[in-house]
1. Excluding same-chain residues fewer than 8 positions from residue 213, which lysines have a Cα within less than 23 Å of its Cα?
2. For the chain, what is the percent of antiparallel DSSP beta bridges, rounded to the nearest 5?
3. Considering amide H positions built from the backbone, and no H for Pro or chain starts, which residues 5 or more places from residue 56, or on another chain, come under 5 Å of its amide H?
4. Treating only the Cβ atoms of Lys and Arg (+1) and Asp and Glu (-1) as charged, compute the dipole magnitude of the chain about its Cα centre; round to the nearest 20 debye.
5. Evaluate the charge dipole of the range 41-160 about its Cα centre and quote only its size in Debye, nearest 20, assuming +1 on the Cβ of each Lys and Arg and -1 on the Cβ of each Asp and Glu.
6. Search the structure for amide H atoms under 5 Å from the amide H of residue 19, placed 1.01 Å from N in the peptide plane, and list their residues when 5 or more places away or on another chain.
7. Hey, if you put +1 on the Cβ of every Lys and Arg and -1 on every Asp and Glu Cβ in the chain, which of 25, 51, 145 ends up farthest toward the positive end of that dipole?
8. Would you look at the GNM of the chain, springs on alpha carbons closer than 10 Å, and say which of 72, 196, 30 moves the most?
Amino acid sequence: MIKVRLPDDSTRELPVGSTGLDLAQSIGKRLAQAAVATVIDGAESDLGVELVDGARVSIVTADSDAGRHVLRHSTAHVLAQAVVQLFEGAKFSIGPAIEDGFYYDFELPGNKTFSDADLVTITEKMQQIVAADQPFVKTEMSAEAALKIFKDQPYKCEIIQRVTKGDADSVDALEAGSADSVSVYRNSENFVDLCRGPHVPSTGRLGHFALMKVAGA
């Protein structure tokens with residue numbers, strides 16, 4: 001068994017190998033349903049991360065500021081997945097959550113731009129991805145391995161290179177992690193994105209969203 005400490009300074013015993021989701025389920029069904037991520041010893045983590053003995057753990061719920069940030073960030077990843085799958089040759093850069101939503105930077109072949117009709121098509125594709133309930137699976141790897149994965153995505157490669165050279169800003173760090181270990185998330189066989197996380201356990205956890213506008217650079 002392991003023992004973890006909760007925000008109210010109480011402790012809870014769990015079997016070895018338990019995750020943040022297991023902890024939430026042990027506390028209550030409603031908490032488990034609302035949970036989107038965890039904070040382990042001060043670091044935000046996915047719900048599926050294994051807990052260690054003595055860790056201080058809090059559950060991040062969807063109705064909190066931190067939880068809404070996770071939901072928005074995960075939805076941004078689904079946006080990127082939809083665009084890359086719908087628009088052959090599309091390049092994607094960064095897709096952070098912001099105070100009132102999220103955005104993602106893209107470059108389409110031939111300097112094309114998105115139309116209002118495209119937004120409808122992209123939204124429908126995103127809804128299909130959400131309905132498929134695809135799991136977000138995180139993998140840590142070397143920068144060299146990540147560069148091979150994103151060899152056809154120049155903006156992702158630029159981020160990886162800045163991170164490994166120590167030239168990363170806060171946005172780069174959110175996208176890639178650190179010079180020691182680059183992290184990626186895969187939520188289908190056909191899509192992988194560069195990101196530190198955390199993300200919701202699966203796309204099915206994402207609720208209502210709307211694509212409001214296209215902004216040209």
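Bear in mind these aren't lab numbers, they're just calculated from the coordinates by the rules spelled out. Please read these numbers as outputs of a predicted model, since none were measured by experiment. Don't worry about glycine lacking a Cβ; one is built from the backbone with ideal geometry, like all the others, and counts go over all protein chains shown.
1. Excluding near neighbours in sequence, the set is 91, 112, 125.
2. Working: 28 of 29 bridges.
Antiparallel: roughly 95 percent of the beta bridges in the chain.
3. Excluding prolines and chain starts, which carry no amide H, the hits are 5, 41.
4. The dipole of the chain has a size of about 280 debye.
5. Result for the range 41-160 is approximately 320 debye, rounded to the nearest 20.
6. Distant-sequence amide H within range of residue 19: 51.
7. 25
8. 30
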